[in-house]
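This report concerns only the one structure given below.
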Amino acid sequence: MSRNEALRGDAPGNGRAGFAAGMPPAARRRVRGVALGWAGVALAEATAYLALALAIRDVLPVFPVIALAAVAMVTTVVVSRAGYLSGARLAGDLYGEMGRALARAKLSWFTAANRAVVTTAAGRSVPTFMGVPAHLLQTLVLSLLVPVALVAAVAIVGGFAMAGLALLLLSAALVAQLVAQRFLAAADASRHAAEGQATAATLELVERLELLRTAAGPARALERAEQAWRAGEAALSKTNRAAAPATLISQLASVLPIAGVLIALGVTGGFEHPALALALIVLVGRSSAPIDDLALVGIALAEVRAHTEAYRQVVGAPALPVYAGEPASATPVPGSVEVRRVSHAPALADISFRVPSGERALIVGPSGSGKSTLLGLVLRFDDAEQGEVLLGGVHVRTLPQGELAKHIAYVPQEPVVFTGTLAENLRIGRPSASDEELREAALAASLGDVLERDPRGLGQDVGSHGQRLSGGERQRVAIARALVSVAPVLVLDEATSALDEPTEQMIAEEIVRREKTLLVVTHRRPEIWQPHQVISLGEPIVSARDRG
C-alpha cells in the first residue's frame, strides 16, 4: 500500500455500525448475563407454577410449592438488582464510547443536525438504555419463555391435546399482538424524526435567541421553533390515536387463551374433574398473562430502536485517520508550516505556501474564498481532499491529535469560554502552568483590568460559559489561553474582531515580540501583525520583501 493510499484509508469506527457493534464488549457481556438471569427467573417461575398445578390436581402438600415460589422470588430480586447495576454500568460504558467517538470525530461532522443528534443520544438515548437490563429484558424474556415453559407444564398436567390447544391459542394471541404492534410502529415512525427536528430547532433558538429577538421581535423569534414543536405534537398525537386500537386488540388477545380453554373444558366435560380443570386454568391463565406485556414490549422496542439509531450515528461519526507507517523518528520541527498543492471543495484549489519557523503570514481573500477552511486543514479539523499539510516537515495526518495540539494553538473568532474560574479556562491547553505563567499570559492579552476588578484574580468565576465577561474579554481570554500553551505555532482567525484598536495593537505587539510562527486572518489592520508574507487566496503569494 502506498503512502497516499494509507493516508486516505478510513479510520476504525467509520461507516454504518449498529448498536451492538458500537456497544463496548464489557457492556455486551453484562447485557447477555442479565438476559440469561431473566431466563433463569422464567424457568424458576414456571417450575413453581407446575408444582402448584400438580398440588391442585393431586391434592399434594403445599410446602414444596411455597419453597419453589420462594426460590423464584429470590431469583427475581437478585436478577433485578443485577439488572439495575448493569444498567448503571452500561450507561457509563456507552457515555465513554460516545466520548471517545466525539473526541476523534471530524469537526466538520458537527453540523446543527448532528449536534441535535448528540444531544438526543446523550440526554435521552443512553438513559433509555439504562432501563434495558432491569426492565425491558425482564418483560421481553419472561413474555417469551414463561408461556413456552407453561405450555410444557400443561402437557405434563393435562396431556398433549390440551397443551396443543393452549399453544394454538397463545400463538393466535401472539399474532394478534404482532399485528397491533405493527400498526402502532407504522403510526409511530415519524415521531422520532419530528422529535429530532424539534430538538434541533430548540438548540437553534437557544443559541441564536439574541439575533432572533432583535431581528424578528419576541413573538416572531419563536416561529421557527414553534413549527418544529407543532410537528412533534402532531406526530405524538398520531401515535396516541394509534395506541387506542392497538391496546384494545392487546386486551382481546390476552383473554383469548383462557377463554378458549374454558370453552374446551365445557365442551369436553373437563369440569367433571374440577381439580384438574382448576390446575389447567391456573397454568393457561399465567401463560397468557405475559401477552399483556407484549404491547409494552413493542412500544419499548420501537423506542430503543429509534434511540439506537441516534446512538449509532454518534459512535459512527467519521473520524480522522492516522497513518501508522511514518517512522517513529519523524517528529516535527517546532514552527514551520507548509501547504503543498492543497485542494478542498468548495473554495480551495491547488494552494501552496510555506511559512518558516518564527515568521508571520497574513491570509487574505474575499468572503467565501476558504480562509477559515484553510486554517481548519492546518489544524486538522478535516483532511484535504488533495495535497498535503506539513508541520515541521511532517504530515499532520501522521500526528496524534494530542501531539498536534502541543505544536499549534488556535484562537477562533467566536471564543469558547467554559464555566468555571479564569485560571481553569487558561489552563485547558497546559494544566501544569503555574499561577505566575497564567498571570503573565493574562497581562499579555490585556486582561489586567479583569484581574484587578475581582479580589480573587485568577480564581474569579467567569460565569456560565463566560457570561460574566464581555465579548472582547472572552476573546482576550482565548488569546491568553493560547499564549499559556507555549505552542510554537499560533493560528488567529479574526481573533481580535471584538477589540478596540489600542487593545488590538498592544496584543499584536506582544505576540510579534514572542516570535511565534503566526497564521492570521483579519479584516482589521493587517500591518500591526508585521507579516513576512501575504497569502492571498486566488492570487500569487506576496512576501514582505517583494512588497518593499
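The values are calculated or read from the model by the stated rules, or taken from the named source; none is laboratory data. Predicted model, so just to flag it, every value in this text is computed and none were measured. Counting neighbours? That spans all protein chains shown, and the Cβs are built from the backbone with ideal geometry, glycine included. Note: areas computed on protein heavy atoms with side chains; ligands, DNA, RNA excluded. Shrake-Rupley method; radii C 1.70, N 1.55, O 1.52, S 1.80 Å.
For a quick check of your reading of the model, give me the residue pairs whose first member lies in region 78-105 and is open to solvent by 60 Å² or more (accessible area, probe 1.4 Å), whose second is at pLDDT below 90 and polar (S, T, N, Q), with beta-carbon atoms closer than 9 Å and at least 6 apart or on different chains.
Ala103/Gln401; Arg104/Gln401
Tally time: how many residues in region 266-283 are under 19 Å from Ile156 (Cβ atoms), open to solvent by less than 70 Å² (accessible area, probe 1.4 Å) and modelled with pLDDT under 90?
Residues meeting the conditions: 1.
So the check is Cβ under 6 Å with 6+ separation or different chains; which pairs have a first residue in region 428-457 that's more than 18 Å from Pro502 (Cβ to Cβ) and in contact (Cβ under 8 Å) with a residue 40 or more places away in the chain and a second one that's β-branched (Val, Ile, Thr) and part of a helix (DSSP H, G or I)?
Arg430/Val484; Ala433/Val484; Ala441/Val484
Tally the residues that are open to solvent by 60 Å² or more (accessible area, probe 1.4 Å), closer than 11 Å to Ala445 by Cα and in contact (Cβ under 8 Å) with a residue 24 or more places away in the chain, restricting the search to region 493-511.
Of the residues in region 493-511, 1 are open to solvent by 60 Å² or more (accessible area, probe 1.4 Å), closer than 11 Å to Ala445 by Cα and in contact (Cβ under 8 Å) with a residue 24 or more places away in the chain.
Mind telling me which of the residues Ala242, Ala259, Ala295 ends up being at negative phi, open to solvent by less than 60 Å² (accessible area, probe 1.4 Å), at pLDDT 85 or above and not in a loop (DSSP other than H, G, I, E, B)?
After ruling out the rest, the residue left standing is Ala259.
Quickly run through region 118-135 and pick out the residues that are closer than 14 Å to Ala198 by Cβ and open to solvent by less than 30 Å² (accessible area, probe 1.4 Å).
Thr120
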